[in-house]
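Participant: What follows is a single structure, and I will ask about it in a moment.
The values are calculated or read from the model by the stated rules, or taken from the named source; none is laboratory data. Keep in mind it's a predicted model, so treat the numbers as computed, not measured. As a convention, Cβ positions derive from the backbone with ideal geometry for all residues, glycine included, and neighbour counts pool all protein chains shown.
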Amino acid sequence: MHVAAVVTKLGARLGACPFQATAAGYREMLEWARSFGDLRHAGVEGTGSYGAALCRYLLAQNVQVIEVNRPDRAARRRSGKSDEVDAKPAARAVLGGRATPGLHP
């Protein structure tokens, strides 16, 4: 299971949606994300491990993939683990330049 979040250029949250980590789930996620407009960049956590298949799929669909750093573990323990909560800062990290461009399998 992955969670996608869509934000505006100013970082405002437009939506978040869970999807299965399968080819069908990736297609559904991309269709959902594109329902908000043109999708040019996607921040993905773990492009070399659990996010690798999603990364490959997005690249094949001409979406630039940007490696997003994992959230601070201490902060996650304090607030509780939540993929939806993690997805929003990941999207904002892409906008704010706090992600690592160009890293993908």
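Participant: Could you tell me which residue of region 28-55 is surrounded by the fewest Cβ atoms within 10 Å (Cβ to Cβ), considering only residues that are part of a loop (DSSP other than H, G, I, E, B) and of a type in the set (A, V, I, L, M, F, W, C)?
Facilitator: By that ranking, first place goes to 36.
Participant: Check 17, 55 and return the single one that is modelled with pLDDT of 90 or more and out of contact with any helix residue (DSSP H, G or I) (no Cβ under 7 Å at 6 or more places or on another chain).
Facilitator: 55
Participant: Still on this structure, I have one more. Of the residues that sit in region 1-27 and are among the small types (Gly, Ala, Ser) and in a loop (DSSP other than H, G, I, E, B), which one is surrounded by the fewest Cβ atoms within 10 Å (Cβ to Cβ)?
Facilitator: Checked region 1-27; the qualifying residue surrounded by the fewest Cβ atoms within 10 Å (Cβ to Cβ) is 12.
Participant: From the set of residues in region 3-49 that are of a type in the set (Phe, Trp, Tyr) and under 12 Å from the mean Cα position of the chain (by Cα), which is nearest to residue 65 (Cα to Cα)?
Facilitator: 26
Participant: Collect the residues in region 11-30 that are over 13 Å from residue 57 (Cα atoms) and free of Cβ contacts under 8 Å to residues at least 60 places away in the same chain, keeping them in residue-number order.
Facilitator: 12, 14, 15, 17, 19, 20
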